[in-house]
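Report on the following structure.
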């Protein structure tokens with residue numbers, strides 16, 4: 001069983017409850033993956049309307065840094081409820097009726113499993129077994145942070161570089177991937193060797209071409 005099998009099995013076992021509430025589940029797919037707002041967003045789950053799918057399936061995504069089984073199951077139930085009642089309901093109306101009946105708690109824009117939900121889902125989790133997924137960590141922004149703020153718990157979502165860089169510029173720490181590294185915004189000093197006229201530009205524009213001194217032409221990097 002892979003992680004999508006696990007998610008689909010959870011959904012399959014939740015389906016009778018949705019039907020009993022008068023909102024049977026429509027065709028859907030579930031996957032672990034980034035939501036449309038990407039890795040920098042706080043959104044941990046998302047449901048796409050079937051009209052966005054070429055074969056008319058609701059597409060449900062669970063963000064890959066979510067790995068605690070009960071929390072993932074609660075997020076899945078939340079997104080399945082969106083699919084069952086229709087996205088036009090938002091987090092009110094029929095959606096609120098369904099998720100509260102499932103045992104999720106307010107605020108309904110978040111996903112918190114109440115005791116009723118835990119009592120219902122825990123036997124399912126015990127029967128299916130562990131979620132075959134490891135939590136994916138990444139830095140929100142690649143920028144240096146000199147020291148943790150008071151009370152900082154060191155979570156991977158802090159906006160800092162997730163690992164040390166080796167000599168060729170690749171990150172080999174937490175959050176490393178094959179994605180191109182973010183361009184540094186450090187300004188480079190460029191000066192005219194004839195008169196000392198100086199400007200500072202980013203590496204992005206140096207790659208395009210060196211600035212020109214108004215009197216003496218092309219300038220040279222000074223640091």
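DSSP assigns beta bridges within segment 3-128; of those with both partners inside it, close to 55 percent run antiparallel. With the simple spin-label model, which puts each label point 7 Å out from Cα in the Cβ direction, the residue 53 to residue 70 separation comes to 3.0 nm. Across segment 89-133, Cα-Cα distances exceeding 11 Å account for 68% of all pairs. Working note: Cα gyration tensor of segment 3-128, eigenvalues times five, square-rooted, sorted largest first, giving semi-axes of 19, 17, 15 Å.
With the simple spin-label model, which puts each label point 7 Å out from Cα in the Cβ direction, the residue 37 to residue 216 separation comes to 5.2 nm.
Here, each number is a calculation from the coordinates, and none is a lab measurement. Everything quoted here is computed from the prediction, not taken from an experiment. We place every Cβ from the backbone using ideal geometry, glycine too, and count neighbours over all the protein chains shown.
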